[in-house]
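The values are calculated or read from the model by the stated rules, or taken from the named source; none is laboratory data. None of these values were measured; they are calculated from a predicted model. Cβ sites come from the backbone with ideal geometry, for glycine too, and all protein chains shown count toward neighbours. Ligands, DNA and RNA are stripped out before the accessible areas are found, and what is left, the full protein with its side chains, is counted by its heavy atoms. Shrake-Rupley method; radii C 1.70, N 1.55, O 1.52, S 1.80 Å.
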Amino acid sequence: MPAEAIARIERSLQDGLGVPVTLERPGKAEHGDYATNAALRAAPTLRRAPLEIADELRAAALEVEGVADAQVAPPGFLNLWMSPAWYGEALAEIIAAGEEYGAGSAEMTERVQVEFVSPNPTGPVTVASARNAAYGDSVSRLLRFAGHDVATECYFNDAGAQADLFRASVDARGRGEEPPEGGYAGDYVTRLAAQPGDPVEPMIQEIKETLARFRVSVDDWVRETELDVAAALEVIEGAGHTFEQDGAVWLRTTAFGDDKDRVLVRADGRPTYLAGDAAHTLWKYERGFERLLYVLGADHHGYIQRLKALAAAFGHDPESVEVLIYQLVHLTQGGEARQMSKRRGDVVFLQELVAEIGIDAARWYLVRSSHEQPMEIDVDLAREKTEKNPVYYVQYAHARIAGILGNAGSARRSPEPPTELAPEERDLVKRLAEFPTTVAEATERRGPHALPVYAIYLADDFHRFYHHHRVLESEAEAFRLSLSEATKSVIARSLDLIGVEAPERM
């Protein structure tokens, strides 16, 4: 929900209107601090002229504490100008909430499991999987901040054809031979060939360590080989959702909206990937999760309906399964694209990207675009330590504020505003007041990319304020210190929700 100072005005204007009143910041300063088109939206229902409704809204708005002026603009907009006292109230609310400002937006909390990365342990974490990791971890952070009970999971496909091909590739390298056709190449295969034992084990450990360094928190590490497939199939068969045909056991997924039925056990007795997914799904529900989120690559669209069908087969609402599909990542450097293939051995691994641009830049760039869009990362720009690099620009704003507050020492802070507020001070408070709505919408839409966008706007507003106004030893020092303190806190929270650090100095 928006800041309470905004919500109170919206509620005051909503009585009898028949539509919700939403205050938004107009594009031009001359149109006020906030504006609403509620009169235009209510006109068809009330069967009255929008300007007439807007005029009544204006009269009501002028009675609301904190509204200094209200004007009607054709064809039915209501523009509001807020008093300095209102800005003080909004700032006081932000400061009082502290690190919890914007938290708890979920109207109904759920026990949620988020599964992400879930690689075949056939090589180190690639840049493509790193997008999965950064996105899935950020979504998990948002859900927790909203109030949900969240557990994260990484699922290792440590059995099956790809794992066998990986083992064969390492064995071949150990004998000084080329990997089998379609096998895995690269220095890491040669490195593993020099070690005794199953190469999958050190690969799993390396993946865990890489994700931990990348600030990805995983609650449960699950292996395909540890799941009880037979028990899951027994539950599904007992519920009457399977049938036999041509010697194979099938799941009647068409009963749950799939375009065709799927094989669970092949005619030769070998379980399919779907059978493993069935055991995995049952394991999740038996732990009491109410919502299952999966972060999957663009080549997994066909899995969505199958996962929902499995939920239904186990007696759960298929809508409790939510699949988030992310698109590919492309790296450019020196104006040229890098080609990536784990099997050819020319893949770009996460640890290489981090070594070049750092963890903060990697986390930022991997979530700055919607997961539904392909992403391009300019490595040259991402490694820059200048204001052209957006993550550096935002972090610098935080560090600058930290410096101001450090120099202020124990100087008095107060949200009590001066008699007149400068436009830059107004803009900064209004931007801070947008954070609860921004973070709530980002959570609801599973879109953490809204946070880098918001953080850039907030840094813009602060840098503009700082350029025009002295903080220390000014007549409005106490207010400006409070405003700076609130801005620092919100920048830090915006960065933390996407796994980026907020440095005190740079």
Going through segment 1-31 one residue at a time, which ones are among the acidic types (Asp, Glu) and open to solvent by less than 30 Å² (accessible area, probe 1.4 Å)? Glu10
Which residues, counting only those in segment 457-478, are part of a helix (DSSP H, G or I) and of a type in the set (D, E, K, R)? Asp460, Asp461, Arg464, Glu477
Meets criteria (touching a Phe, Trp or Tyr at 6+ places or on another chain (Cβ under 9 Å), open to solvent by less than 20 Å² (accessible area, probe 1.4 Å) and hydroxyl-bearing (Ser, Thr, Tyr)) for Ser489: no
Output the residue which, of all residues in segment 120-164 that are in contact with a strand residue (DSSP E or B) (Cβ under 7 Å, 6 or more places away or on another chain), modelled with pLDDT of 95 or more and among the small types (Gly, Ala, Ser), is nearest to Asp496 (Cα to Cα). Ser140
Kindly indicate which of Leu366, Leu331, Leu353 is modelled with pLDDT under 95, crowded, with 18+ Cβ neighbours inside 10 Å and part of a helix (DSSP H, G or I). Leu353
Got at least one residue in segment 432-442 being open to solvent by 50 Å² or more (accessible area, probe 1.4 Å), assigned to a helix (DSSP H, G or I) and free of Cβ contacts under 8 Å to residues at least 24 places away in the same chain? yes
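Table: residues versus (1) touching a Pro at 6+ places or on another chain (Cβ under 6 Å); (2) open to solvent by less than 40 Å² (accessible area, probe 1.4 Å); (3) at pLDDT below 95.
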residue: Gly186; (1), (2), (3): no, yes, yes
residue: Pro199; (1), (2), (3): no, yes, no
residue: Ala212; (1), (2), (3): no, no, no
residue: Arg215; (1), (2), (3): no, no, no
residue: Val222; (1), (2), (3): no, yes, no
residue: Thr225; (1), (2), (3): no, no, yes
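For segment 32-81, which positions are of a type in the set (Gly, Ala, Ser) and buried (at least 17 other Cβ atoms within 10 Å of the Cβ)? I'd like the intermediate steps shown before the answer.
Start the filter on segment 32-81 by keeping residues that are of a type in the set (Gly, Ala, Ser), which leaves 32, 35, 38-39, 42-43, 49, 54, 59-61, 66, 68, 70, 73, 76.
Gly32, Ala35, Ala38, Ala39, Ala42, Ala43, Ala54, Ala60, Ala61, Gly66, Ala70, Gly76 - these are the residues of segment 32-81 that are of a type in the set (Gly, Ala, Ser) and buried (at least 17 other Cβ atoms within 10 Å of the Cβ).
Any chance you could count how many residues in segment 28-70 are in a strand (DSSP E or B) and touching a Pro at 6+ places or on another chain (Cβ under 7 Å)?
Of segment 28-70, the ones in a strand (DSSP E or B) are 34-36, 67-70.
After this cut, where a residue has to be touching a Pro at 6+ places or on another chain (Cβ under 7 Å) as well, the list is 35.
Of the residues in segment 28-70, 1 are in a strand (DSSP E or B) and touching a Pro at 6+ places or on another chain (Cβ under 7 Å).
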Among the numbered criteria (1) touching a residue at least 40 places away in the same chain (Cβ under 8 Å); (2) farther than 24 Å from Ala151 by Cα, which single criterion is violated by Arg266? (1)
